[in-house]
Amino acid sequence: MLISYGCAYESQSREKLVSSFEDNFGFKPPESVEKIKLKNWGMYDTQVHWMSFTYDSKVFEKIIDHDQLLEIAESNSPDFKKIIEELEKDVHHPKWLNLPNENVERIYHKKDFLDHTFSEYYLWTDKEMEMTYLYVHFFD
């Protein structure tokens, strides 16, 4: 008998997601962040977290300052392309997620930053859509 221990949670209610934003970035989103979307998915010891929110340059800079030690993958670089390939492999991503494309200048990223066997973090802004996206994946 095959037993699957999986779960998912998704919300687009800004009011319900203020605490998730604060947990991720260390501060509550200002009113300029009008929209917040979240999806969490997990199975066994693997967890994936997606978030998107309205782009605001001051908020974005505050996030970058908070999440020090981020590396930068510039558009069309080998690292940028590799990250996109990794993100495309994830079949559980939410429908509202816009993968990095020609509207994205850079992806901020880091690996093995959580107290887990493996963790990765990707943050990018689609300036045409005026949305910022976060992807965090970890497992033990």
| task | Could you do me a favour and compute the accessible area per residue for region 4-140, 1.4 Å probe, result in Å²? | result | 57 Å²
| note | When the charge dipole of the chain is computed with +1 at the Cβ of Lys and Arg and -1 at the Cβ of Asp and Glu, the Cα pointing farthest to the positive end, of Phe139, Ser75, Ile64, is that of Phe139
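How many percent of the accessible area of region 53-131 is carbon or sulfur, using a 1.4 Å probe?
Using a 1.4 Å probe with all protein chains present, region 53-131 comes out at 48 percent carbon and sulfur.
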| query | If you add up the charges near Asp126, with Lys and Arg at +1 and Asp and Glu at -1, over every other residue whose beta carbon is less than 11 angstrom from its beta carbon, what do you get? | reply | -3
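What value, in deg cm²/dmol to 500, does the helix sum -39500 (n - 2.57) over DSSP H runs of n ≥ 4 give at 222 nm once divided by the residues of the chain?
-7500 deg cm²/dmol
The values are calculated or read from the model by the stated rules, or taken from the named source; none is laboratory data. Since we're looking at a predicted model, the values are computed, not measured. Every residue, glycine as well, gets a Cβ built from its backbone with ideal geometry; the counts of neighbours run over all protein chains shown. In case anyone asks, the SASA skips ligands and DNA or RNA and just uses the protein heavy atoms, side chains included. Shrake-Rupley method; radii C 1.70, N 1.55, O 1.52, S 1.80 Å.
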